[in-house]
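The block underneath contains the structure these notes are about, expressed in structure tokens.
The values are calculated or read from the model by the stated rules, or taken from the named source; none is laboratory data. What you are looking at is a predicted structure, and each value in this text was computed from that prediction instead of being measured. Virtual Cβ from ideal backbone geometry, glycine too; neighbours counted across all protein chains shown. With ligands, DNA and RNA removed, areas are computed over all heavy atoms of the protein, side chains included. Shrake-Rupley method; radii C 1.70, N 1.55, O 1.52, S 1.80 Å.
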Amino acid sequence: MELVVIGLLGGLITGISPCILPVLPVIFLTGGAQSARFDSDGTGEAAPASRWRPYLVVAGLMTSFTLVTLLGSLLLGALGLPQDVLRWAGIAVLVLIGVGLLVPRFERVLEKPFQRLARRSEVQNRGSGFGVGLALGTVFVPCAGPVLAAIIVAGSTGRIDAGTVALTVSFAVGVAVPLLFFALAGRGLVERIRAFRKRERGLRIAAGVAMLALAVGLVFDVPQLLQRAVPDYTAGVQRELTDNPDARRALDLGGLVTEENKDLGRCTNGASELESCGTAPGIRGIEAWLNTPDGTGIDLADLRGDVLLIDFWAYSCINCQRSIPHVVAWDAAYRDAGLRVIGVHSPEYAFEKDAANVAAGARDFGIEYPVALDNSLATWTNYRNRYWPAHYLIDAEGTVRHIAFGEGNYAATEKLIRELLTDADPSAALPAPTDVADAAPDGQRTRETFLGSAKDVNYGGLGGYRAGDGEYSLPDEQPDDSFALDGTWRIETQYATPAGDGGGGIRLRFHAEEVRMVLAGEGEVRVRLDGGKVQTLRVTGTPRSYAVAERTDAGTRVLDVSVSAGVEVYSFTFG
């Protein structure tokens with residue numbers, strides 16, 4: 001019931017947020033206006049109309065939204081397709097329906113398969129609208145808030161249970177309520193204004209134009225520009241909903257509860273005292289192991305008697321990069337006293353699934369403890385995890401005693417490690433506490449910025465940003481916390497690379513004390529901070545993180561980057 005309430009409220013908030021503004025004209029015209037009763041031939045008699053159309057448009061949206069959110073990543077992964085296939089398919093359907101609205105005979109052909117969803121007498125004039133809703137639900141999926149983010153992670157990991165379905169369906173219902181209200185308001189407005197009631201054909205044309213405009217806008221990322229221009233007036237309400245212990249327990253752990261992991265919810269994130277949170281779930285679904293004899297796997301049951309620290313990480317994650325020195329120091333200091341550290345590498349990027357890339361990253365960080373390659377996120381899901389990094393501290397009896405999500409809290413975690421080691425062996429001689437500085441930044445910081453088309457973030461340049469070859473130029477005024485491209489670039493799913501022999505440029509406006517770039521390929525990258533001295537980086541081999549600016553002053557900084565041909569740029573990360 002808790003998940004249902006959180007999902008419903010989260011959906012209601014999302015349904016009135018800026019991210020739904022681009023679809024409102026389509027909902028108003030295709031879901032509302034088309035279900036109105038129009039005057040026929042000046043006789044004053046009402047023409048036949050599908051009174052169920054608003055409900056069926058919204059029902060179609062809810063159906064495709066739910067299925068794509070829960071099953072889209074699994075289906076695309078199984079077929080080996082990029083994650084934006086469904087978006088492009090939805091845009092294509094919007095174009096077809098838009099043309100159908102302009103050409104009624106074509107529309108009847110499109111919606112014929114869905115006419116059984118409403119009584120024939122109700123759809124003989126303008127169709128049920130269910131197909132319109134299906135297309136809208138597909139392009140509506142990227143509209144994400146904290147609740148939907150938890151649902152998407154659950155769907156992508158393939159562990160969909162009753163709790164996940166309840167959260168998803170209740171979220172969809174919450175989103176549907178304001179959309180249905182808007183559609184019904186559109187119908188009421190048309191029926192109350194006599195001038196509209198005589199212009200059924202004109203409103204159909206307007207609906208078709210709105211549908212085509214939405215499709216074209218999606219191609220050129222206009223909704224993204226609109227969302228950047230309109231302040232998120234629901235952000236505060238979202239925080240009120242999710243920033244409390246009950247909501248964090250439900251969303252941070254995704255509601256993916258099994259008999260094996262159900263007691264993890266007893267742990268408080270970053271608690272200063274030891275807690276008891278049930279037997280540690282097993283490590284499962286591991287593709288390969290690093291730093292073990294002959295690559296053999298590890299069973300937690302074989303480590304009873306030792307204190308365990310399980311660290312979820314990804315080698316290109318800057319938050320993990322700042323956390324790992326603490327974990328490495330704990331491993332070195334307390335291994336002889338009975339601490340066993342296991343790193344569970346749970347990838348976000350496709351290239352992070354490559355064992356050689358992970359092994360290189362582990363060597364760079366000085367990791368000597370065992371590392372499990374959790375490429376299918378099976379162990380990530382089994383621990384109901386949602387964060388990079390995340391630390392799970394397990395006592396000698398196999399009970400989870402402490403959980404810490406994200407950076408920081410290192411002194412408290414080390415204090416509890418020492419307590420558990422003493423409990424396990426009171427005679428153990430412990431070394432002095434480690435002394436690794438906490439590199440987590442304070443204050444405002446630009447969010448991690450991806451350049452691949454599958455998840456581009458913070459683009460502030462001119463025009464759209466989409467897969468394929470394209471010409472880009474720097475804007476006269478670029479927003480803070482954004483990047484822009486200059487020259488000819490090829491945008492791939494995971495990265496961007498110059499398409500011409502002369503290379504390409506990037507301008508980054510950011511807030512951070514440290515900037516790193518995830519780069520791969522062969523070539524050079526030249527960076528200049530605030531017009532100062534040029535720094536040249538030699539890039540070679542598989543993707544890894546390169547430091548490009550460190551310990552800058554406060555305020556907005558500008559980084560100009562020149563990328564030679566042959567270099568792949570995956571992301572900017574900030575510290």
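Numbers below:
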quantity: Pair list, Cβ under 7 Å, 6 or more apart: region 279-294 residue charged (D, E, K, R), other residue open to solvent by less than 40 Å² (accessible area, probe 1.4 Å); calculated: 284/378; 284/379; 284/382; 287/373; 287/375
quantity: Qualifying residues in region 384-401 (those that are out of contact with any helix residue (DSSP H, G or I) (no Cβ under 7 Å at 6 or more places or on another chain) and assigned to a loop (DSSP other than H, G, I, E, B)) - the one nearest to residue 286 (Cα to Cα); calculated: 385
quantity: Any hit, region 544-565, residues being modelled with pLDDT under 90, farther than 20 Å from residue 365 by Cα and buried (at least 21 other Cβ atoms within 10 Å of the Cβ); calculated: no
quantity: Residue that is farthest from residue 377 (Cα to Cα), among those in region 287-299 that are assigned to a helix (DSSP H, G or I) and at pLDDT below 90; calculated: 294
quantity: Set 343, 305: member being assigned to a loop (DSSP other than H, G, I, E, B) and open to solvent by less than 60 Å² (accessible area, probe 1.4 Å); calculated: 305
quantity: Residue selected from region 434-452 under the condition in contact with a strand residue (DSSP E or B) (Cβ under 9 Å, 6 or more places away or on another chain) and at pLDDT 70 or above, by the criterion surrounded by the fewest Cβ atoms within 10 Å (Cβ to Cβ); calculated: 447
quantity: Residue among 283, 318 that is out of contact with any Pro (no Cβ under 9 Å at 6 or more places or on another chain), surrounded by 17 or more Cβ atoms within 10 Å (Cβ to Cβ) and at pLDDT below 90; calculated: 318
quantity: Elements of type strands (runs of 3 or more DSSP E) in region 516-575, at least 1 residues being among the basic types (Lys, Arg) and touching a residue at least 40 places away in the same chain (Cβ under 8 Å); calculated: 534-550, 557-563
quantity: Counted residues, region 366-409 - those being aliphatic (A, V, I, L, M), open to solvent by 10 Å² or more (accessible area, probe 1.4 Å) and under 21 Å from the mean Cα position of the chain (by Cα); calculated: 2
quantity: Residue check for residue 363: open to solvent by 20 Å² or more (accessible area, probe 1.4 Å), without any contact (Cβ under 8 Å) to a residue 60 or more places away in the chain and part of a helix (DSSP H, G or I); calculated: yes
quantity: Flag if residue 490 is at pLDDT 75 or above, open to solvent by 30 Å² or more (accessible area, probe 1.4 Å), of a type in the set (Lys, Arg) and within 23 Å of residue 316 (Cβ to Cβ); calculated: yes
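Yes/no per residue for (1) closer than 30 Å to residue 87 by Cα; (2) modelled with pLDDT of 70 or more; (3) more than 24 Å from the chain's Cα centre (by Cα); (4) outside any helix (DSSP H, G or I):
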site	(1), (2), (3), (4)
207	yes, yes, yes, no
211	yes, yes, yes, no
215	yes, yes, no, no
226	yes, no, no, no
259	no, yes, yes, yes
274	no, yes, yes, yes
